[in-house]
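Engineer: Before I ask anything, let me first share the structure, which is written out below as structure tokens.
Rule-based calculations on the coordinates, nothing more; no lab input. Here the structure is a predicted model, which means the values were calculated and not measured. Note: ideal-geometry Cβ built from the backbone for every residue, glycine included; neighbour counts use all protein chains shown.
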Amino acid sequence: MAAIHLQNLVKHFGGFAAIKQMDLEIRDKEFMALLGPSGCGKSTTMNIIAGMENPSSGRVMFDGVDVSQVPMGKRGVGFVFQNYAIFTHMTVRQNLAYGLKVRRLPPKEIEEKVAKIAGLLQLEPYLDRPAAKLSVNILQRLAIGRSAAVNPSIFLLDEPLSNVDAAFRAVMRTELKHLQREFGQTMVYVTHDQLEAMTMADRIAVMDHGLLQQVGSPLEVYNNPCNTFVARFLGAPGMNLIAGTVIEQNGSLAVDCGPAGRSEALPAPLAAGLRKAGAKEVFFGVRPEDLEFASEGGAGLSMPVVFVERIGPRAILHLAAGDRTAKIVSENLVAVTTGERLRLVPRPGRVRLFDAGSGRAILEV
């Protein structure tokens, strides 16, 4: 087993708090992504798990055992860095075999393990080439393979695909997930790329300014963000958050978004949650792909198009009314022109509300 528990973790560098407080459980054989913008503390968290940094306070537990003061070399973890960290004077074969030789495995077993990992990562054509003559893409694949070859129970990857091209990233997302399932490892993956996190991870831990914001499955954090930061950070584009005031009409609640119009009556569970929270000023949240065109004259938001961004089979419509802005994702074939005013309604069940003061999500009751 290889479960990880970070208990009340805090890390300071002088007067700077890189991790203000963190309590996170990573399950045995789970693929956990640490997701957040640059400087949020995710790489520091990774380094503490690996043993490259010691926490200022709190504990790192592996399967219930405190390893906070155990040196990196004795923690049994594999680590892949953003900058490869391979031996360029060695061949691919020698790099893959290095950790196995250090562990003094029999030559035949080393040969078998090297062949297996080379096959999984499609490195067979390069086995006898010097690493110094490989492309960036192959170097990164080799770095992953060298750490994976020793089959660590915990595998840590710190933005390993950030320096490679887009096509290779797409390939490696699939291969890394396959690799994790093949070896049954607990994998912790640091990234600022939400696509990597959403496509590979079993669960995502979203971080910002040294604080853990939300932990959940990709669909949980995408569909039910706990605050406005998570709502904006996840999604391409992120969730629309339109400032508004709660109003009552005909016994129901709605949100008046000023120059952007007025929402339809809120669903009863969301209205009940709003009454319980007592919030008056809110952000009306809806994903760009969850907004639909409505006929003129009915309820719904109303905003003019200020820009049409056409990207392959889809279009992103940018709208603005006064200081309120929103985006819609639609098919590229939709005939919309700049300046045209659109009336919009969210798909059923897709509205999320956030308290304007705290930024926290208002939950249904």
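Engineer: Using only alpha carbon pairs under 8 Å that are at least six residues apart, calculate the relative contact order of region 1-87 and give it in whole percent.
Structural biologist: With pairs under 8 Å counted, the relative contact order is 32 percent.
Engineer: Over what distance in Å are the Cα centres of region 34-59 and region 167-226 separated?
Structural biologist: 16
Engineer: Sorted from fewest to most neighbouring beta carbons within 10 Å, what does the list 11, 327, 116 look like?
Structural biologist: Taking fewest neighbouring Cβ atoms as first place, the list is 116, 327, 11.
Engineer: Sorted from fewest to most neighbouring beta carbons within 10 Å, what does the list 162, 358, 147 look like?
Structural biologist: Placing the least packed residue first, the sequence is 358, 162, 147.
Engineer: Let me ask you something else. Could you give the longest part of the chain that holds none of the GluC sites (Glu not before Pro) found in DSSP loops with at most 14 neighbouring Cβ atoms within 10 Å? Intermediate values should be presented prior to the final figure.
Structural biologist: Values: sites that count: 296, 340.
The reported range is 1-295.
Engineer: Then there's this: Can you flag which of 29/177; 20/42; 116/177; 74/116 are past 18 Å Cα-Cα?
Structural biologist: Going by Cα-Cα distance, 74/116 fall outside the 18 Å limit.
Engineer: If you don't mind, another one. To the nearest 10 degrees, how steeply does helix 92-102 sit against the main Cα axis of the chain, on a 0 to 90 scale?
Structural biologist: Tilt relative to the chain: about 70 degrees.
Engineer: Which residue, 265, 363, 245, has the largest displacement toward the positive end of the dipole of the chain when charges sit on each Cβ (Lys, Arg +1; Asp, Glu -1)?
Structural biologist: Toward the positive end, the furthest listed residue is 363.
Engineer: Let me ask another. Within straight cross-link reach of residue 113, meaning Cα distance under 18 Å, which aspartates and glutamates are found once same-chain residues fewer than 8 apart are removed?
Structural biologist: Correct list for residue 113: 124, 128, 175, 182.
Engineer: I would also like to ask the following. Using Cβ contacts closer than 10 Å as the measure, can you line up 228, 337, 186 from fewest to most?
Structural biologist: 337, 228, 186
Engineer: Once both axes come from the Cα atoms, what is the angle between helix 166-183 and the longest principal axis of the chain, in degrees from 0 to 90, rounded to 10?
Structural biologist: 60
Engineer: Comparing 349, 99, 76, which has the greatest mean-square fluctuation in the GNM of the chain with Cα pairs linked when under 10 Å apart?
Structural biologist: Of 349, 99, 76, the Gaussian network model singles out 349 as fluctuating most.
Engineer: Could you tell me the relative contact order of region 4-226? Use alpha-carbon pairs under 8 Å, at least six residues apart, and round to a whole percent.
Structural biologist: Answer for region 4-226 is 30 percent.
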